[in-house]
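Trainee: Pasting a structure below so you can have a look.
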Amino acid sequence: MAAIRGRDTAPELLVRRFLHGCGFRYALHRRDLPGQPDLVFPARRTVVFVHGCFWHWHGCALSRLPQTRRQFWEAKLSANRRRDAAARRALRRDGWQVLTVWQCELERRPVEVLGALAAGLLSGGVT
Ligand SMILES: [Zn+2]
């Protein structure tokens, strides 16, 4: 499950299609970087994470815990959150700009979220 859940999700595909259409070029899931960012823009020294709200425990309505096995889920998802935070810290320490897109925000306000993402990319590194 760990190998599947973060890959090629609908929100991620939307982000990829949009950025590719804007002319941005990227690498996917670079294993040599902390947290294996979903998209990597080496020349801009920028990475993008597209986070599913449940697995990354956003705290919004989409990330409500299941009714059963709550302790299990709480432990698992809080470990995911800690791992995400550690990856962000490590990337920033190495000079990367880290941009995060949340599933719920992308669904609610796609134009604003994608526009902010493109602006963040343009502000990072060289062209
Ligand atoms: Zn959310």
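Trainee: Could you pull out the residue among Phe49, Phe41 that is under 18 Å from Leu121 (Cβ atoms), within 16 Å of the ligand (Cβ to nearest atom) and either at pLDDT 95 or above or surrounded by 14 or more Cβ atoms within 10 Å (Cβ to Cβ) (or both)?
Mentor: Exactly one residue qualifies, and that residue is Phe49.
Trainee: Of the conditions (1) away from the ligand (no atom under 16 Å from the Cβ); (2) among the basic types (Lys, Arg); (3) open to solvent by 70 Å² or more (accessible area, probe 1.4 Å), Arg16 fails just one. Which one is it?
Mentor: The failed condition is (3).
Trainee: Restricting to the range 80-104, and then to whatever is open to solvent by 30 Å² or more (accessible area, probe 1.4 Å) and over 22 Å from Gly124 (Cα atoms), can you tell me which residue is nearest to the ligand (Cβ to nearest atom)?
Mentor: It comes out as Gln103.
Trainee: So how many residues does the range 105-127 have that are closer than 24 Å to Thr9 by Cα, open to solvent by less than 40 Å² (accessible area, probe 1.4 Å) and touching a residue at least 40 places away in the same chain (Cβ under 8 Å)? Reasoning before the result, please.
Mentor: Kept after step one, since they are closer than 24 Å to Thr9 by Cα, are these residues of the range 105-127: 105-121.
From the residues that got through so far, the ones that are open to solvent by less than 40 Å² (accessible area, probe 1.4 Å) too are 106, 113-115, 117-118, 120-121.
Subsequent filtering for residues that are touching a residue at least 40 places away in the same chain (Cβ under 8 Å) retains 106, 114, 117-118, 120-121.
Residues that pass the stated criteria total 6.
Trainee: Select from the range 56-75 the residues that are exposed (fewer than 14 other Cβ atoms within 10 Å of the Cβ) and without any contact (Cβ under 8 Å) to a residue 40 or more places away in the chain and list them in ascending order.
Mentor: Of everything in the range 56-75, those that are exposed (fewer than 14 other Cβ atoms within 10 Å of the Cβ) and without any contact (Cβ under 8 Å) to a residue 40 or more places away in the chain turn out to be Gly59, Arg64, Pro66, Gln67, Thr68, Arg69, Arg70, Gln71, Phe72, Glu74, Ala75.
Trainee: Within the set of pairs 6 or more residues apart or between chains, which connect a residue that is polar (S, T, N, Q) inside the range 36-49 to a residue that is part of a strand (DSSP E or B) with Cβ atoms less than 6 Å apart?
Mentor: Cβ pairs passing all conditions: Thr46/Gln97.
The values are calculated or read from the model by the stated rules, or taken from the named source; none is laboratory data. All of these numbers come straight from a predicted model, not from anything done at the bench. Here the Cβ is made from the backbone with ideal geometry for all residues, glycine too, and neighbour counts use every protein chain on show. Surface areas here come from the heavy atoms of the whole protein model, side chains and all, with no ligands, DNA or RNA. Shrake-Rupley method; radii C 1.70, N 1.55, O 1.52, S 1.80 Å.
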